[in-house]
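Colleague: For reference, the structure I am asking about is given below.
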Amino acid sequence: MFRTTMDSNRYDLQAKAEGNSSVKQVEGPMLQALLEERFNLKAHRETAERPVYELTAEKGGVKMQLSKEGSCTPYSVDSPPPLPLPGAPHPVFCDFPRFGADGLNRTLDGAGVSMAKLAGSLSRFGLDRPVIDRTGLAVGFDLHLKWSIEGPASAGPGTTDDSAGLSIFTALKEQLGLKLESAKGPVEILVIDHVEKPSEN
């Protein structure tokens, strides 16, 4: 793990992409080139065994509704649809779960959501370790999940103390018919080989 005083520093970067670049291009090779130029960043990826959560279905079956055809709009980061006109309703994109927050409560809503995308979303926003999809479900679901960040998430799977609100583990089980189990699995990690403070403009 890479740790320097840069962990506590914050930088404002402004960049403008030329042409009609896709989100995938901007967040991938273009951002990488910017970091390499300004921070002299050198990095590589490797796979290692790390603690993970495996997402599996409860024995009684899942509690999610299968997504109906036409209930959502297909979305691709390579060719995203145009933004809606002012005042027009925003379309519901398939396999594009959205997070919400209300005080200590958190929500996740989506239509046509794959279990792989759900696992990835939980890895980024809801849990302290990566989540690997082990459900074996290859279809999309319409889902709504609500939990509390005061729920005993740090206690891990199997906790039953919901006095402070449903933990993410209990919410997944009761609302979606899914469970998280501690395991070890292959995780892709980014290794920082070299980085410097950026030069002045």
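Colleague: If I ask for residues that are of a type in the set (F, W, Y) and not in a loop (DSSP other than H, G, I, E, B), which ones from the stretch 73-126 would you list?
Modeller: Matches in the stretch 73-126: F93, F99, F125.
Colleague: With G87, G136, G120, G100 as the choices, which residue is modelled with pLDDT of 90 or more and on the phi > 0 side of the Ramachandran plot?
Modeller: G136
Colleague: I want to confirm something. Restricting to the stretch 175-196 and keeping residues that are surrounded by fewer than 13 Cβ atoms within 10 Å (Cβ to Cβ) and not aliphatic (A, V, I, L, M), which single residue is nearest to L127 (Cα to Cα)?
Modeller: Only one residue tops the list, namely S182.
Colleague: I'm trying to understand the selection: among the residues of the stretch 18-68, which are part of a helix (DSSP H, G or I) and open to solvent by 90 Å² or more (accessible area, probe 1.4 Å)?
Modeller: Once the filter is applied, which keeps residues that are part of a helix (DSSP H, G or I) and open to solvent by 90 Å² or more (accessible area, probe 1.4 Å), the stretch 18-68 yields K24, E27, Q32, E37.
Yes/no per residue for (1) without any contact (Cβ under 8 Å) to a residue 40 or more places away in the chain; (2) open to solvent by 20 Å² or more (accessible area, probe 1.4 Å); (3) of a type in the set (D, E):
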{"site": "A88", "(1), (2), (3)": "yes, yes, no"}
{"site": "G100", "(1), (2), (3)": "yes, yes, no"}
{"site": "L118", "(1), (2), (3)": "no, no, no"}
{"site": "S123", "(1), (2), (3)": "yes, yes, no"}
{"site": "L127", "(1), (2), (3)": "no, yes, no"}
{"site": "I132", "(1), (2), (3)": "no, yes, no"}
{"site": "V139", "(1), (2), (3)": "no, yes, no"}
{"site": "L145", "(1), (2), (3)": "yes, no, no"}
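Colleague: Quickly run through the stretch 89-106 and pick out the residues that are closer than 29 Å to G70 by Cβ and of a type in the set (A, V, I, L, M).
Modeller: V92
The values are calculated or read from the model by the stated rules, or taken from the named source; none is laboratory data. Being a predicted model, the structure only gives us computed values, none of them experimental. FYI the Cβ positions are ideal-geometry reconstructions off the backbone, even for glycines, and counts take in every protein chain you see. Areas reflect the complete protein model, heavy atoms only, side chains present, ligands, DNA and RNA absent. Shrake-Rupley method; radii C 1.70, N 1.55, O 1.52, S 1.80 Å.
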